[in-house]
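Beneath this line is the structure, given in structure tokens, with notes to follow.
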Amino acid sequence: MVFRHIETIIENRICLVKLNRPENRNALTNEMRHELIYLFKTLRHDDSVKVVILTGGGKVFSAGGDLKSLKGMDAIQGRKRLQMGHEMIESIMQLEKPVISAINGAAAGAGMSLALASDMIVATRSSFFVQSFLKVGLIPDLGSIHFLPRLIGRQRAFELMLLGEKVTAEQAYDLGFINRLVEDNSLLDEAYSIAEKLAEGPDIAIGFTKRLINQSVHADIGETFELEGFVQGLCFESKHFQEGVNAFFEKRTPQFNQSV
């Protein structure tokens, strides 16, 4: 498969994956999701790759969903779109090889969900995370509602999701949902340092360890995805979603004080 929206480099048993739409802040289009699904499923059977590093090309990791593609979306279309996103997240979790997210710049909305699906997160001091879903009248999706409360507790997750405030990398480290905090010019050096150690390890035991950790913590993620798809479909057809998207493109504060 020829990739147009991601870029891959394989060296020394490590696969570097770059989200490659910097002109659109690496927004997660359906095409990019499809390419990531294909890649991670292919890597299951590639014995030459032991570890994956996922990062963003350009100045950001990912700004999240591509809002241009969401305008006018109904519940059925939204559900199908979410199913592809769920498959993307599951393809990362089901890969019995470590996936390290290297966060440069913003990891927003679905971009933050993508990072949380990985096994370790390394972030630069200037990077930040934000649960931006409610700003456009949507619920947090692609697993954020599942991952975040398990990582930082219900109250903190509730706060981040409902207020939608930026979380600096230092705050994320203190909250416990990133593993390493590095200077901006050291991001890939640190990610590769970790990846090289993992690549030297017993890959069979590492793969089973990942599988069992995910089974112990995320066994019910399929149920979350099913409910998420239903509820988000309702949100896609609400006036709040229409107002949120319009406000985003008109660069104004949304006015949600209207009936759904």
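The values are calculated or read from the model by the stated rules, or taken from the named source; none is laboratory data. None of the values given here were measured: they were computed from a predicted structure. Here the Cβ positions follow ideal geometry from the backbone for every residue, glycine too, while neighbour counts run over all protein chains shown. Note: areas computed on protein heavy atoms with side chains; ligands, DNA, RNA excluded. Shrake-Rupley method; radii C 1.70, N 1.55, O 1.52, S 1.80 Å.
Taking the listed residues 147, 133, the one that is open to solvent by 10 Å² or more (accessible area, probe 1.4 Å), among the aromatic types (Phe, Trp, Tyr) and within 30 Å of residue 255 (Cα to Cα) is 133, with no other qualifying.
The single residue among 33, 21, 81, 25 that is buried (at least 19 other Cβ atoms within 10 Å of the Cβ), out of contact with any helix residue (DSSP H, G or I) (no Cβ under 8 Å at 6 or more places or on another chain), closer than 27 Å to residue 247 by Cα and of a type in the set (D, E, K, R) turns out to be 25. Within segment 21-44, residues that are on the phi > 0 side of the Ramachandran plot have Cβ atoms under 9 Å from residues that are part of a helix (DSSP H, G or I) and open to solvent by less than 10 Å² (accessible area, probe 1.4 Å) in these pairs: 25/111; 26/32; 26/111, counting only partners at least 6 apart in sequence or on another chain.
Remark: residue 217 matches the filter, which requires a residue to be under 26 Å from residue 52 (Cα atoms), modelled with pLDDT under 95 and surrounded by 13 or more Cβ atoms within 10 Å (Cβ to Cβ).
Might you let me know whether segment 243-252 holds any residue that is at pLDDT 90 or above, open to solvent by 20 Å² or more (accessible area, probe 1.4 Å) and closer than 28 Å to residue 91 by Cβ? No; the residues of segment 243-252 include none that is at pLDDT 90 or above, open to solvent by 20 Å² or more (accessible area, probe 1.4 Å) and closer than 28 Å to residue 91 by Cβ. Could you tell me whether segment 115-134 includes any residue that is more than 25 Å from residue 72 (Cβ to Cβ), part of a helix (DSSP H, G or I) and under 16 Å from the mean Cα position of the chain (by Cα)? Yes, segment 115-134 contains a residue that is more than 25 Å from residue 72 (Cβ to Cβ), part of a helix (DSSP H, G or I) and under 16 Å from the mean Cα position of the chain (by Cα).
Is there a residue being open to solvent by 10 Å² or more (accessible area, probe 1.4 Å), under 25 Å from residue 224 (Cα atoms), small (Gly, Ala, Ser) and in contact (Cβ under 8 Å) with a residue 40 or more places away in the chain anywhere in segment 52-67? Yes, because at least one residue in segment 52-67 is open to solvent by 10 Å² or more (accessible area, probe 1.4 Å), under 25 Å from residue 224 (Cα atoms), small (Gly, Ala, Ser) and in contact (Cβ under 8 Å) with a residue 40 or more places away in the chain. Among the residues of segment 171-208, those that are in contact with an Asp or Glu (Cβ under 7 Å, 6 or more places away or on another chain) and aliphatic (A, V, I, L, M) comprise 181, 182.
Scan segment 55-67 residue by residue and report those that are under 14 Å from residue 127 (Cβ atoms) and of a type outside the set (D, E, K, R). Please lay out each step first, then the result.
Start the filter on segment 55-67 by keeping residues that are under 14 Å from residue 127 (Cβ atoms), which leaves 55-56, 58-63.
Within segment 55-67, 55, 56, 58, 60, 61, 62, 63 qualify.
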